[in-house]
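This report concerns only the one structure given below.
Bear in mind these aren't lab numbers, they're just calculated from the coordinates by the rules spelled out. Computed from a predicted model, the values in this text were never measured in an experiment. Heads up, the Cβs are rebuilt from the backbone with ideal geometry, glycines too, and the neighbour counts pull from every protein chain shown.
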Amino acid sequence: LSATPETPKEDGRPKWDNKFQYILSCIGFAVGLGNVWRFPYLCQIHGGGAFLIPYFIALLFEGIPLLHLELALGQCLRKGSIGAWNTISPYLGGVGVGSWMVSVLVSLYYNTVLTWVMWYFINSFQEPLPWSVCPLNENRTGFNEECYESTAVNYFWYRKTLNITPDIAESGTFQWWLILCLAACWAIVYLCTIRGIETTGKAIYVTAIFPYLVLTIFLIQGLTLPGATEGLTYLFTPNLNTLKNPRVWLDAATQIFFSLSLAFGGLIAFASYNPTKNDCEKDAVTVAIVNSMTSLYASIPVFSVLGFKATTAYWDCLDRNIINIINEFDLPEESIMRQNYTSWISFLNSSYPEKIAGLKLKSCDLQEFLDQSVSGTGLAFIVFTQAIILMPGSQAWAILFFIMLFSLGLSSMFGNIEGVFTPLLELQIIPKSAPKELLSGIICLISFLIALCFTLGSGSYWIDIFDRYAGSVPLLVIAFFEVIGVVYIYKIKRFSEDVEWMTGRKLNLFWQITWRFISPLLLLIVFMAFVTLQMQKPPSYTAWNPKYEDFPMKEEKVYPPWVQAICVLLAALPCVCVPLVALFHLVKRKRRSKEPSLVPPEVSSCQGANS
Amino acid sequence: YAWDANEEYLFKAMVAFAMRRHSSKSTTQISNVLLCNVTDRVSFWFVVTDSSKNVTTVPGSEVEAAIRMNRNRINNAFLLSDKTLQFLKITSTLSPPVEPSTPVWLIVFGVVLCLIVAGIIFLIVSGIQKHKKKNKESTETENLEEKVEVTLENGIPCEALDLKAGHINGVFAADDDRFTSL
């Protein structure tokens, strides 16, 4: 008797309560923090609306085919990533192991990002918001120096949250407040994934739908803010010249790839809980389109708020200049307003040029403020928090914003954890009589203990490393082998028959062409371009160093050799699993049979597994 | 409000008040405060003279100290703040933000953590209960099977009993007339 309380199918495998839960889980996995803080940034730096062209091309020829492949694979073989690839061919088992490893590495650091989000969330209940004011220095005559030279928002992020060290080699101490938040985050993940999809299926209703509500609220609010239109026109004005730059195409391809969370094994795991007679083609197209639409939808409030922030900064700049001029020339109050500022300046410049020069007025340019583009954690924790301070009712906006980020990240975590959990469950690491809750508890506990490293002073530097190396190159490699493995080892003919059996209609020519030629080619090109770009300059990072002469600019530093070795290890370890496992099986076969045979072992078909 | 002679009078009075409080000399009069170079911008210079010492001006540092001590009162007299009423070269001592004894975030964190732990305990306990119920159900179905076997193995098999068509008991059949007919 199995101890699992889930309602099993005939083969004892848990299943989704309904189709909607499955689709929502896939969408939640795909829609993550990157949709909010990476896509708008890419749109901005790559020519606004023009970026959508390479983005949709990449979606069509790379994103949707790979997504369809993974969902069809999982649904057909009804196993997690390791089991599925072992079933296709023992030589390809390394692909599954590689996916599993990447899921482990990404889960570790992704939850630490959620820790930061939670820390900001629980700090949003104060009046005034702690990142809006600088703390005072010791003798209370002025503000804390580090805070004064940069901004209060920067200070709260780098000092009060991360307590960052100026160099990655200096580990610093454990930040106890981050450890508390990390424990809470892993407890939440455990709570939601405690029984696998039975519990995540319920949690996903909230975590996948809630961000859309908040985005809509922010959309409405953002559009009413002054300066929103400037931000939006800046974002969407197409600049077709950027398309000549190959970097733009590369960024579009990588963005689509990572945004859809391909090659993690999580999608295979989700699809494996489906009934086999399910239209995976329609599911794949639905999930991919919803993901891209969400990116677009999210960029509207983000850019309204950024436009508002730029406009406010521009007005502040103008106001400061106006005060200086009025003080200098003893003009009556409100004689110079923002509207007639330029005419006044030109008049004063012609009549008293030396005085104006002596004032050292900062040139205020709205374009310059709009050009300050940030992505990633900088967008959420520095730029957006600053904009929130300027809105009326900041606490409510901050709370909403951080709950939204938390839900987005949590639904992606479900996919990551599922990619770790399902293969382990099938490999029967723990005895069958032990409850599932034990395995998920062990996974969460071990991950929490390892992730404690990220709560050190240098933690955020390490998270950048994990993000850049463990969460990028290995995925491209694994996806490439996925496509090659299915098309050329499992044989496309057999696979198209399987898909036909599952969906009930013949495989479209589009899938044949993309799976056979276009997607692997694209992946190869993207991979090589990506690696070439990384190799061009020695890997460096920007450090927050208060003693730096150009402070508050961040200091550009090069990674020390031992850190570079770790980077290479992180990128290479999942990739190297693929040939290693193949080699292992080859050696095993050679030892077993006297003459080496190049015929791959008996490959099971998905119809055979279920008929 | 507009800046007129009355406001200037109030200002002089406030400065005199500040000087009196600071140096605890009750000799400073409103006439000791002199304003000059008043502009439309509402900015001006002022000096405080000391009538007891041969009409000399009080040193600037003393005036600064006096104003700094009573800044709050001066601001409030004019319904202005440190930002809107500026004294050049007098930086304001900033008041520290109000800090509650327990940081607020710790309280919120405690609430969140309690909810999570309650949820986990609930799920684990319900899982154990379901597991026990399933075990009990499976043992019950086993018992039921045994019962069925027992009844068959009883002295008289049930089927044998059923096969006998219903015997009419003569004793009761005769009493049919006693019963009231419906």
Problem - Residue exposure sequence - A:Arg591, A:Arg320 - by fewest surrounding Cβ within 10 Å - result: A:Arg591, A:Arg320
Problem - Under 15 Å, Cβ to Cβ, from A:Lys537 - net charge with Lys/Arg +1 and Asp/Glu -1 - result: +2
Exercise for the section: Using the structure shown, list the pairs from A:Lys79/A:Lys491; A:Lys282/B:Lys130; A:Lys436/A:Lys588; A:Lys362/B:Lys12; A:Lys277/B:Lys133; A:Lys244/A:Lys491 with a Cα-Cα distance above 28 Å, or answer none. Expected result: A:Lys282/B:Lys130; A:Lys436/A:Lys588; A:Lys362/B:Lys12; A:Lys277/B:Lys133; A:Lys244/A:Lys491
Practice task
For A:Ile45 and A:Ala169, compute 0.36 nm times the residue count separating them, minus their Cα-Cα distance, and round to one decimal in nm.
Solution key: 41.5 nm
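Using the count of nearby Cβ atoms within 10 Å as a rough guide to exposure, how do B:His131, A:His585 rank from fewest to most?
Going from least to most buried by this count: B:His131, A:His585.
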Practice task
Provide a whole-number value for the mean count of partner chain Cβ atoms within 10 Å of the Cβ atoms in peptide A:185-193.
Solution key: 4
Practice task
Mind listing the long-range amide H neighbours of A:Leu136? Cut-off is under 5 Å, sequence gap 5 or more, other chains count too, H placed in the peptide plane at 1.01 Å from N.
Solution key: A:Asn144
Handout entry: All-pairs Cα distance distribution in the range B:5-78, expressed in whole percent, bin size 5 Å
Key = 3, 16, 27, 29, 17, 6, 1
Completion exercise
The ³J(HN,Hα) series, computed from each phi in the range A:127-134 with the Karplus coefficients 6.51, -1.76 and 1.60 at θ = phi - 60°, rounded to the nearest Hz and given as x for glycine or proline, is 10, x, 4, x, 8, 9, 10, 7
Practice task
Read phi for every residue in the range A:557-568 and hand back ³J(HN,Hα) as whole Hz from Karplus 6.51 cos²θ - 1.76 cosθ + 1.60, θ = phi - 60°, with x for Gly and Pro.
Solution key: 10, 9, 5, x, x, 5, 6, 4, 4, 5, 4, 4
Problem - Pairwise label distance in nanometres, A:Ile289 with B:Leu79, each label 7 Å out on the Cα-Cβ vector - result: 6.1
Exercise for the section: Return, ordered by residue number, the residues of the range A:308-323 whose backbone nitrogen is under 14 Å from a label point located 7 Å along Cα→Cβ of B:Thr39. Expected result: A:322-323
Practice task
With a bin width of 10 angstrom, please list the P(r) values of the protein assembly as shown as percents of all Cα-Cα pairs, from the 0 bin to the one holding the largest distance.
Solution key: 2, 11, 18, 20, 15, 11, 8, 6, 4, 3, 1, 1, 1, 0, 0
Practice task
Neighbouring Cβ atoms within 10 Å as the yardstick, rank A:Cys577, B:Cys36, A:Cys567 fewest first.
Solution key: B:Cys36, A:Cys567, A:Cys577
